[in-house]
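Structure record follows, encoded as structure tokens.
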Amino acid sequence: MRFIFSHMKKYRGRIVVQLIIKFIGTTAEFMIPYVLEYMLDVVAPAEGNNIVRMIICGLLMIGIAVFVRAMNIIANRKAVRIASECIYNIRDELFRKTMDLSGSQVDKYGLPSLTSRMTSDSYNVQNFMRMIQTMGVRAPILLIGGMAVTMIMDFGLAMVLFILVPLIIASVIIISKKGIPLYEKVQQKMDTIVRIMRENITGIRVVKALSKENYETARYKNANEEMFNSDTTASVVMSLPGPIMTLIMNIGLTVVVVLGAYRVNGGITQPGVILAFLTYFNMILMGVNGINRIFIMTSKANASAGRIASVIEEGEDLVTVYGDDGANKKKPYIAFEKVNFRYVKQGDEADDYELTDIDFSLEKGTSLGIIGATGSGKTTIINLLMRFYDATEGKVIVDGKDVKEYKLTELRKKFGVVFQNDIIFADTLQENIAFGRDVDEKRAMEAVTEARAADFVNEYEDGLEHKADIHGANMSGGQKQRILIARALAAKPEILVLDDSSSALDYKTDALLRQMIREHYNNTSTIIIAQRISSIMNLDNIIVMDDGKIVGQGKHEELMKNCPQYKDIYDIQMN
């Protein structure tokens, strides 16, 4: 709750106004039974023609009811507005923090969990914020105010409430304590459902191609059943206070009716008092039910707020360390110095080393090719170079400085990169290429031409304003890769990284692209990760990866003589 209330503090002025309006509207509601009691016990028994006074009392009750409704509507609208603005800020903060998480932090939470925190968890928190401003005011006033008024009206009958209310409160507290862990479990099951849905939506073509619809449906069904069972358990437990409270209050209501009948018969109490008392009793019951709803929502919101707060309050993982600039001037432009790396999973259980003793350098304006089997650690090198993760041991150097000495934005501005399975956004080609950077249409078109994409872009009637579908679904694989390469080239990066970015290109286009990079980007350091040996064989330096280690390094001719793994790849692909 600390997390929620700390974010609501910004709106405390507006919240106070809303609470005052809600307080006035709710307290005014207590006047209706009082006017009713006055009309029945004073106006009706009085001698003479009392029709005018009866009408006045009736109109007064209607006026109070309209006033109460108007105050509640105004307060509720203000509460909804405040809750919406507050959750907007929380979502914005959560999204920004998610964007700043390191690779290891993203791995710790998982993409499905981060998604559900942004969606279902934030929705639970928003509902709580709205309810605590409305029902959180109305319910206690109805409960406490109703009890106070009944004490004034008839202390003897009110004692029935004093016996029952502590029992109700105790049952609510005991049961609600069990709700938070149950709802935390529900949200964890939701993470699993989101993960399965995300996997199947992303890989729908693979699922259909392999005729695995039934298999994936069964997998989703199992996860959905687990979610259903967890949610049912939590809902059943948290719904217990409602029936218990209703039972206790109805027993009390029966006792009040019986005692009231005896008191009226004995002339101790007026009939109007009993009728008003029963109305107040119903108000008290509404207050108790409202408090029960608050406890249920609090259990959900507390679990969800904790999940959101754990991300937002996550400490900075990739800290900038300022070193001695003079000591770094003699270092190569890019270098890995005895680098070892392993991923650390949730719970701090370490993997085996992903990279072992990686040592190489690259001067400015030269090119490096990285080749090796799937899972050999090629992409991990790029992850360390761009500091998505920190090396476990050793140093990673960019522009003569340890990457830890850069601010992350400063470091990553040096790069133009195309990753494996990179994404095309549902936007114009211009926006996909510019990507929020200072890239005008002229420069974007130059990058399109350099990436050998002009042939199909020019065929679109709207050119760069052509709208791509989600994930570039209205484009071929080769077209998407060329747009992604254009994005990488558009800002004229100091370092160009192409991670298996030509797999969908034909050999001619691939060759022309590499020729263009040599001719037009000769001051850019280029790193190409490829499965095709033809994509890297003419580069200035090549490293061959196997099981996280460099097993060969040098030019093509040297590796053909000295690296059996490289020669095997060449023989398989080129002969």
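Quick notes
- In this structure, the amide hydrogen of HIS466, modeled 1.01 Å from its nitrogen in the peptide plane, lies closer than 5 angstrom to those of LEU429, GLN430, counting only residues at least 5 positions away or on a different chain.
- Based on Cα contacts under 8 Å between residues 6+ apart, the range 2-312 shows a relative contact order of 32 percent.
- Shape category assigned to the range 2-312 from the gyration tensor of Cα positions, a/c cut at 1.5: prolate
- Distance violations [Cα-Cα > 30 Å] among LYS108/LYS221; LYS189/LYS378; LYS97/LYS413: LYS189/LYS378
- Heavy-atom accessible surface of the chain: percent carbon and sulfur, 1.4 Å: 58
- Taking the DSSP beta bridges with both ends in the chain, the antiparallel portion is around 50 percent.
- Using the Karplus relation 6.51 cos²θ - 1.76 cosθ + 1.60 with θ = phi - 60°, the per-residue 3J(HN,Hα) values for the range 560-569 come to 4, 8, 10, 10, x, 5, 5, 5, 4, 4 Hz, with x marking Gly and Pro.
- Each Cα pair under 8 Å and six or more residues apart adds its sequence gap; the mean of these over the residue count of the range 418-575 is a relative contact order of 21 percent.
- Helical runs assigned H by DSSP (4 residues or longer) give the chain a calculated mean residue ellipticity at 222 nm of -20000 deg cm²/dmol, each run adding -39500 (n - 2.57) before division by the residue total.
- Separation of the range 497-575 and the range 236-282, taken as the distance between their Cα centroids, equals 85 angstrom.
- Long-range amide H partners of ASP399 with built H, under 5 Å: ILE334
- Placing unit charges on the Cβ atoms of the charged side chains and taking the dipole of the range 2-312 about its Cα centre, the candidate lying farthest along the positive direction among ILE132, GLY272, MET99 is MET99.
- Converting phi to 3J(HN,Hα) with the Karplus coefficients 6.51, -1.76 and 1.60 and the offset θ = phi - 60°, the range 286-300 yields 4, x, 5, 4, x, 5, 4, 4, 5, 5, 4, 5, 4, 4, 5 Hz in sequence order, with x at every glycine or proline.
- When each of the peptides 295-305, 472-482 is scored by the mean number of other C-beta atoms lying within 10 Å of its residues, the order from highest to lowest reads 295-305, 472-482.
- The amide H of LEU496, built 1.01 Å from its N in the peptide plane, has GLY416, SER525, THR526, ILE527 as neighbours under 5 Å, considering only residues 5 or more places off or on other chains.
- Test item: Cα-centred dipole of the chain, Lys/Arg +1 and Asp/Glu -1 on Cβ, debye: 1860
- A 1.4 Å probe run over the protein chains yields, for the range 2-312, 52 Å² of accessible area per residue, whole-number rounding.
- Per-residue SASA remark: HIS7, around 40 Å² accessible (1.4 Å probe; ligands, DNA and RNA not included).
- Residues of the chain were split at every exposed loop site, defined as GluC sites (Glu not before Pro) in a DSSP loop with at most 15 other C-beta atoms within 10 angstrom, and the longest piece left, sites excluded, is 48-312.
- Ranking by accessible area, most exposed first, for TYR123, TYR38, TYR406 with a 1.4 Å probe: TYR123, TYR38, TYR406
- Gyration tensor verdict on the range 241-305 (Cα atoms; rounded if a/c is under 1.5, prolate if a/b is larger than b/c, oblate otherwise): prolate
- Tensor-based shape of the range 151-264 (alpha-carbon gyration tensor, a/c under 1.5 rounded, otherwise prolate or oblate): prolate
- Scalar couplings 3J(HN,Hα) for the range 431-437, obtained by applying the Karplus form with A = 6.51, B = -1.76, C = 1.60 to θ = phi - 60°, are 6, 5, 7, 5, 6, x, 8 Hz; x denotes Gly and Pro.
- For VAL207, VAL448, VAL66, the ranking by accessible surface with the largest value first comes to VAL66, VAL207, VAL448, using a 1.4 Å probe.
- Each of the peptides 367-380, 412-425, 103-116 was scored by the mean count of other Cβ atoms within 10 Å over its residues; in descending order, highest first, they stand as 367-380, 103-116, 412-425.
The values are calculated or read from the model by the stated rules, or taken from the named source; none is laboratory data. This one's a predicted model, so the numbers in the text were calculated from it and none came from an experiment. Glycine gets a Cβ as well: all are built from the backbone with ideal geometry, and neighbour counts include every protein chain shown. Calculation scope for accessible area: heavy atoms of the full protein, side chains included, ligands and nucleic acids excluded. Shrake-Rupley method; radii C 1.70, N 1.55, O 1.52, S 1.80 Å.
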